[in-house]
Amino acid sequence: MSTRPSRKLRAHRTLGTRLLRASLPAWLACLALLPACEPAASREGAAKAVQARPAGDAPPPDLKSPPPDAEKTASGLVSKVLRAGQGDQRPRVRDSVRVQFAGWKASGDLISSSRKDGGAATFALSGVVPGWSEGLQLMRVGEQRRLWIPNHLYYNRSGRPPSTVVFDIELLEIIEGESRSAPADVAAAPADATRTKSGLAYKVLAPGTNADTPNAWDRVTLSYAGWTSGGELFDSAEKATFDVGAVMPGWTEMLQRMTKGERVRAWIPEALADAGRKGRPAGDVVFDLELLSIERRPEPPRAPADVAAPPKGAKKTRSGLAYRLLVRGHGTTRPTEGSRVKLHYSGFTTDGELFDSSVLRGAPKTVPLASVIAGWREGLQLMVEGDRMLLWIPEKLAYAGARGAPPGMLVYELELLEIVK
């Protein structure tokens, strides 16, 4: 029989999941709403660059540019020890930790702060974003470390911010996770397991309570434990919340087959797992999953059929901006560079990936034209209220290679709702 984690540890895990999975998405910025980031000037030296968190959670001086002696991992995480810790113990993925932290956007705006929110926070490593999980596994108790976390290690989903975010973390305590016994069939899926074309195999351990299944864009809360095919427990949580489309491919496929209340055992081949990610095992893995709840979310806008390149019928300006009017609006007044406009937008890379959308968030944005990227500024001045337009924006008119922003040509669908002034 599996050993259940202690009541204290279960409370820690629940708090951590609620803290980071619920609070962080609220600040997610809109990519085109700020000018392309300019590289910060080089810092004056490692000694001056490394500073403890400023009083009042003010942004650190090296927010936009890590010092030369900062460490960089294979995943792209950059970190710098601000104060050394004690001992040799470091957290593992199955552990929980108690920390003080503060985080900032590239603009210097505060994302979240444990001091501001009432004191040290405790949570499971399995319930946080990859950049936090990887960074914490480098730390010892008492250590204070600054993390520069790129997009793909933060919230890798629609609406993620355009550049690296920075967190100062102080590790106060490691709470060791309790082990759960490996199932008898951990080494290989039994003959009566269901197998899919992708190579995933699974078996229902307990049926669900209804027929509702999550979509790839929904959010789910689950209880889970994961083992290597050799029976070593490497991850578990009593309650954790995830976006279905932002987890390992094997989970994304499995979760869309599950109903609320259902428990399954999934044998996930290496190609569908997290192999290669720091702290994750190589080879096939096995997970017991219980789907606790489904949070329905809006379906993301679909990429245009001609997202890869402007079609023959698109118009092109001298700057290189290409555009096509999808819906004609009303009136003849157009915004100027001094205008503020209210609009809906969705942005795609040329391979069809949605990277930002006000439609997905269900809230239009009001912005001054002077503050947006050049391609938006030019395109919006071609529109009248009610127009819906597709823009193909070359990189020089988008983020011009700014670190953390989507590279290359970007495609935006804009709907001009109102010229505010």
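What follows draws every value from the coordinates through simple rules; no lab data is involved. These figures come from a predicted structure and were not determined experimentally. A quick note on method: Cβ atoms are made from the backbone with ideal geometry, for glycine too, and the neighbour counts reach across all protein chains shown.
When we measure straight from the Cα of Lys105, which lysines land under 20 angstrom away, once same-chain ones fewer than 8 places off are left out?
Partners within reach: Lys64, Lys72, Lys80, Lys116, Lys365.
So how far apart, in nm, are the two label points at Lys116 and Lys365 if each is 7 Å from Cα heading toward Cβ?
Each label point is offset 7 Å from its Cα along the Cβ direction, giving 2.0 nm.
Add +1 for every Lys or Arg and -1 for every Asp or Glu among the other residues with Cβ under 13 Å from the Cβ of Ala188, and state the total.
On the way: positive: Arg195, Lys203, Arg265; negative: Asp185, Asp192, Asp284.
Local net charge: 0.
What ranking do 234-245, 315-326 get when scored by the average of other Cβ atoms within 10 Å per residue, highest first?
Put in order of decreasing packing, that is 234-245, 315-326.
Summing +1 for each Lys or Arg and -1 for each Asp or Glu, what net charge is found among the other residues whose Cβ lies under 11 Å from the Cβ of Gln381?
Working: positive: Arg334, Arg377; negative: Glu337, Glu378.
Once all neighbours under 11 Å are counted, the net charge is 0.
Could you pull out every one of the lysines with an alpha carbon less than 25 Å from that of Lys315, ignoring same-chain neighbours closer than 8 positions?
Result set, ordered by chain and number: Lys342, Lys396.
Quote the charge dipole size of region 286-344 about the Cα centre in Debye, to the nearest 20; the model charges only the Cβ of Lys and Arg (+1) and of Asp and Glu (-1).
Working: 12 positive and 6 negative charges, 164 e Å.
In debye, rounded to 20, region 286-344 gives about 780.
Mind jotting down the distance between the C-alpha centroids of region 95-133 and region 364-404, whole Å?
33 Å
Quick check: net charge around Gly261, other residues with Cβ under 11 Å of its Cβ, Lys/Arg +1 and Asp/Glu -1? Please list the in-between numbers first.
Working: positive: Lys260, Arg263; negative: Asp212, Glu262, Glu290.
Result for the neighbourhood of Gly261: -1.
Using per-residue counts of other Cβ atoms within 10 Å, averaged over each peptide, order 374-386, 187-199 from highest down.
Numbers: 374-386: 20.3, 187-199: 12.0.
Final packing ranking: 374-386, 187-199.
Output needed: percent of Cα pairs per 5 Å distance bin for region 315-419, bins running from 0 to the one holding the longest distance.
Whole-percent P(r) values from 0 Å outward: 2, 13, 24, 27, 22, 9, 2, 0.
Using the basic label-point model (7 angstrom from Cα toward the beta carbon), what is the Glu71 to Thr317 distance in nanometres?
A separation of 4.7 nm, rounded to one decimal place.
In nm, what is the difference between 0.36 nm times the number of residues separating Ala400 and Ser107 and their Cα-Cα distance?
Values: separation 293, 0.36 × 293 = 105.48 nm, distance 1.75 nm.
Going from the current span to full extension adds 103.7 nm.
For the pair Gln256 and Ala271, how long in nm is the line joining their label points, each one 7 Å along Cα→Cβ?
Result for the modelled spin labels: 1.7 nm.
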